[in-house]
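Coordinate-derived values only; no laboratory data. Nothing here was measured: the structure is a model prediction, and the numbers come from that model. In this analysis, Cβ positions are derived from the backbone assuming ideal geometry, glycine residues included, and neighbour counts consider all displayed protein chains.
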Amino acid sequence: MPLVRYRKVAILGYRSVGKTSLAHQFVEGEFLEGYDPTVENTYSKTVTLGKDEFHLHLVDTAGQDEYSILPYSLIIGVHGYVLVYSVTSLRSFQIVKNLYQKLHEGHGKTRLSVLLVGNKADLSPEREVQAVEGKKLAESWGAMFMESSARDNQLTQDVFIKVIQEIARVENSYGRQ
Ligand code: GDP
């Protein structure tokens, strides 16, 4: 019997960057136009990667700005983070920098499993943040980076597969399973 590992992942970022749309596309396989602003929602999905099975528990948060205080429930017991900005919003890019700082302070010396995601890549004409800037920021954190679109099922699957892989990479670098 394969071992089923539990993974809790929080999706953080400024409002309207597509956090709910990504979670919904990942779990339900569809894109919803004009979704209601999220209060806080959780989603579950079992993901098989090679021989391993993961029970992924996603926390879709209400959205943060520079004044938000991250509650303990988003620090303790969370295995990994998807930090989302929209490539069409420079402000949302500033907010993820801020959020990373807060996570870093909250976690102390523990290494963080973070995937930085530039969402709404399908809206290229309205772009305010170039891919190279996202890549550079993620590199400065030692984190992974990708651009995505919640309209695209495959890209959205890749987001959550990547964060599971990132959690495994950080855990293995600590020499534990
Ligand atoms: P949240 O507040 O971060 O959870 O953002 P939502 O998921 O509610 O999305 C905000 C708006 O952006 C909604 O109207 C979505 O339909 C739209 N949206 C989300 N992701 C994408 C995307 O990748 N591409 C496009 N074109 N629109 C998106």
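Listing for the model above:
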| quantity | calculated |
| --- | --- |
| Tally of residues being in contact with a Phe, Trp or Tyr (Cβ under 8 Å, 6 or more places away or on another chain) and part of a helix (DSSP H, G or I) across the range 107-141 | 7 |
| Test: residue in the range 53-60 that is out of contact with any Phe, Trp or Tyr (no Cβ under 8 Å at 6 or more places or on another chain), in a loop (DSSP other than H, G, I, E, B) and within 16 Å of the ligand (Cβ to nearest atom) | no |
| Hits in the range 12-48 (condition: over 14 Å from D152 (Cα atoms) and more than 8 Å from the ligand (Cβ to nearest atom)) | L12, V39, E40, N41, T42, Y43, S44, K45, T46, V47, T48 |
| Any hit, the range 143-160, residues being free of Cβ contacts under 8 Å to residues at least 12 places away in the same chain, surrounded by fewer than 19 Cβ atoms within 10 Å (Cβ to Cβ) and among the basic types (K, R) | no |
| Sole residue being out of contact with any Lys or Arg (no Cβ under 9 Å at 6 or more places or on another chain), part of a helix (DSSP H, G or I) and within 16 Å of the ligand (Cβ to nearest atom), chosen from Q165, Q154 | Q154 |
| Within the range 117-139, considering residues that are aliphatic (A, V, I, L, M), under 17 Å from the mean Cα position of the chain (by Cα) and within 15 Å of the ligand (Cβ to nearest atom), the one nearest to A168 (Cα to Cα) | V117 |
| Residue that is nearest to R169 (Cα to Cα) [pool: residues in the range 61-81 that are within 11 Å of the ligand (Cβ to nearest atom) and buried (at least 19 other Cβ atoms within 10 Å of the Cβ)] | T61 |
| Lone qualifier among T20, T42, T46 - being hydroxyl-bearing (S, T, Y), under 14 Å from the mean Cα position of the chain (by Cα) and part of a strand (DSSP E or B) | T42 |
